[in-house]
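First the structure, in the form of structure tokens, and then the observations on it.
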Amino acid sequence: MPIAPEYQAMLDQLAAGEPAPGLAELPVAEGRAVYQAMRPVNPALPIGRIEDTVIPGPHDIPIRIYYPDASGTFPVMVFYHGGGWVIGDLETADAACRNLAMAGQWVVVSVDYRLAPEHVFPAAVEDAYAAVVWATENTERLQGNGRIAVGGESAGGNLAAVVSLKARDEDGPAIHCQCLLYPVTDIDTSHASYAENGSGYILEEATMAWFWATYCPDAALRRDPMATPQSAVSLANLPPAVVVTAEFDILRDEGSAYAQAMQAAGGEVTHLNCAGLLHDFLGMVGVFQCVKAPFEETVAAVNAALAKAG
């Protein structure tokens, strides 16, 4: 189907403005500032309460905890922001985490993992895994009901997938669902979605190349399953997965391929390919009407997987 009208209007507006340099052309600090401007904090979005704290790991890891506006115990979602492992932080993930906590009735633990180029692969993986270990060990403190999910957008979806592999292989925390939102799962750029959506749709091929080069400068390491989960020898015995892809996203096909590969390995997988949408659409929940139904379907699919966990 065509691009959703709201997104087409946005793209038309961008095209009518002055040409702007891509993220790959900017100094890292400026790229981070641009992304923060694209996904600002909206303190008016409803939430029960928010807590900022620091947890132990390979170093002290800042996290932000979002509690729904309800009493009782809840599933805990450990959430990793997007931004190519280079940009993004607790602030850029704030709106998404508020919306997820309220719609899902989850406690959402947003993780401020270390970024490249200051900290290259596997620093982000180490922090992401330490956070899910901490959440599992602190379920009561988090008002958790014992069900743990991991989730994230784009590079954060990559980290959620990698954490699920790492927990399986290292007899780590029991994860009851992985929610992979337009995830990075592969280094292969031969997918059709690269050719179809490689420019003009927010996330561009040049940007992805810059993200990979910055996050994992040693090209030989990019095939490590802790960098590209599609490279894992086996995708069996992973947590149930909800994989969300967008039609006009450069990452569409690798997300679809990862969903299919997990399913072929015997996993429980719900794959939602969202027609008419672009990469990073979770940030537009409450702004674009076209995002509402896919967001609700995603939350429902995660809750269905968590309900099966008992």
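Read-outs: derived from the displayed coordinates by stated rules, not from any lab. Since this is a predicted model, take the numbers as computed values, not measurements. Cβ placement follows ideal geometry from the backbone for every residue including glycine, while neighbour counts extend to all protein chains displayed.
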Open item on the list: Under 8 Å for C-alpha pairs, at least 6 residues apart: give me the relative contact order for the chain, rounded to a whole percent.
Closed with: 18 percent
Open item on the list: Using a 7 Å offset from Cα along Cα-Cβ at Asp218, what residues in the range 120-136 end up with backbone N under 12 Å from the label point?
Closed with: 120-123
Open item on the list: Check which residues have an amide H placed less than 5 Å from Leu180's amide H, if you skip close sequence neighbours.
Closed with: Val242, Val243, Val244
Open item on the list: Translational diffusion coefficient of the range 5-308 at 25 °C, 0.890 mPa s, Stokes-Einstein with Kirkwood Rh over Cα pairs, in µm²/s as a whole number.
Closed with: 129 µm²/s
TODO: Can you grab the distance from the C-alpha centre of the range 1-60 to the C-alpha centre of the range 222-299, Å, no decimals?
DONE: 20 Å
Open item on the list: Test of understanding: in a Gaussian network model of the chain with alpha carbons linked when under 10 Å, which of Glu30, Glu247, Glu268 would top the mean-square fluctuation ranking?
Closed with: Glu30
Open item on the list: Mean-square fluctuation check for the chain, GNM, Cα pairs under 10 Å: which of Gly57, Gly72, Gly82 is largest?
Closed with: Gly72
